[in-house]
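Data block below; observations after.
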Amino acid sequence: MKKLLCIILLFYGFNSFTQELVFQQVFIKAHDVEAYDAFLKNHFSKIHQKRVDEGGLFAWDAWKVVDTPQEDFTHMVTYIYDYTKEPAEWNAMEALGMNETQMSSVMKNVNSIRERVGKATLNDLASVRKKGAEDVPNIMVLNFMKVKNNLFASYEKAEIDGTKRISNDDLRVGWNFHRRLDNYGTDTYFSHITIDWFDNFRDYIRSNMGSLSDGNDSEWNKLRDLKKRVVLRNFLKIRSK
């Protein structure tokens, strides 16, 4: 059972447990990437390991944008909760063995090297994995989608029906589909996310080579817009020990 829960990682569906998980994605722009990486490793990972161990979080992940300096964020941090459970109390200073002055200094330093530029809360609607794929693929390709004309049911059905399995000759090793839960107002940038998973960045590049279609996918165009695509590499992941 523990193995089954571990493979859920970030956005894993098609079993009832994932319907109880909520994923909070925080998009971060680091002004000093190396310094922020060090904070993630040396401070934040310790805090969230404690939260996971105490049951307040199901899991925690940090991802880095791959070679895209023009992107409006450099990192994405994901907090994974089981919303059916009461969160366990936790204390960041206690987790790091710091007093209030020391913790204040740490947060002042990290706030000087990064800013949070966005946040989204999602749940998982569907998941597919190639047989033998790693539980945590190394590369994720985030596709930010926006439903057209409020055709939510039609779009979600089309996505799920369109990817029931991944063929052996597909360079992808997995796929996920998520609905945004904090999708308020008509000007929300995206309503859903799909994720294409790859073992490595080379396979992602290879997947874009070769012949292309003419893009006459008119039925899809009636249902959604692909707002943008961002490639990220796994940097840190925390699971229950």
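Tell me, yes or no, whether the range 180-202 has at least one residue that is within 17 Å of residue 228 (Cβ to Cβ) and of a type in the set (Phe, Trp, Tyr).
yes
So for the range 202-219 (the condition being at pLDDT below 90, surrounded by fewer than 14 Cβ atoms within 10 Å (Cβ to Cβ) and of a type in the set (Lys, Arg)), does at least one residue qualify?
For the range 202-219, residues at pLDDT below 90, surrounded by fewer than 14 Cβ atoms within 10 Å (Cβ to Cβ) and of a type in the set (Lys, Arg): absent.
Got a number for residues in the range 168-188 being surrounded by fewer than 17 Cβ atoms within 10 Å (Cβ to Cβ) and modelled with pLDDT under 90?
Of the residues in the range 168-188, 8 are surrounded by fewer than 17 Cβ atoms within 10 Å (Cβ to Cβ) and modelled with pLDDT under 90.
Yes/no matrix, rows are residues, columns are (1) over 21 Å from the mean Cα position of the chain (by Cα); (2) at pLDDT below 75:
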| position | (1), (2) |
| --- | --- |
| 17 | no, yes |
| 32 | yes, no |
| 42 | yes, no |
| 48 | no, no |
| 71 | no, no |
| 88 | yes, yes |
| 107 | yes, no |
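Among the candidates 130, 164, 146, which residue alone is among the basic types (Lys, Arg), outside the structural domain of residue 72 (by TED's automatic domain parsing), crowded, with 18+ Cβ neighbours inside 10 Å and at negative phi?
So the residue among 130, 164, 146 that is among the basic types (Lys, Arg), outside the structural domain of residue 72 (by TED's automatic domain parsing), crowded, with 18+ Cβ neighbours inside 10 Å and at negative phi is 130.
Yes or no: the range 200-209 includes at least one residue that is among the aromatic types (Phe, Trp, Tyr), farther than 25 Å from residue 78 by Cβ and not assigned by TED's automatic domain parsing to the domain that holds residue 49.
For the range 200-209, residues among the aromatic types (Phe, Trp, Tyr), farther than 25 Å from residue 78 by Cβ and not assigned by TED's automatic domain parsing to the domain that holds residue 49: absent.
Which residues, taken from the range 128-164, are of a type in the set (Gly, Ala, Ser) and in contact with a helix residue (DSSP H, G or I) (Cβ under 7 Å, 6 or more places away or on another chain)? Break it down into steps so the answer makes sense when it comes.
In the first step, residues of the range 128-164 are kept if they are of a type in the set (Gly, Ala, Ser); the result is 132-133, 153-154, 158, 162.
Answer for the range 128-164, where residues must be of a type in the set (Gly, Ala, Ser) and in contact with a helix residue (DSSP H, G or I) (Cβ under 7 Å, 6 or more places away or on another chain): 154, 158.
The values are calculated or read from the model by the stated rules, or taken from the named source; none is laboratory data. The model shown is predicted, which means the values in this text are computed figures rather than measured ones. Here the Cβ is made from the backbone with ideal geometry for all residues, glycine too, and neighbour counts use every protein chain on show.
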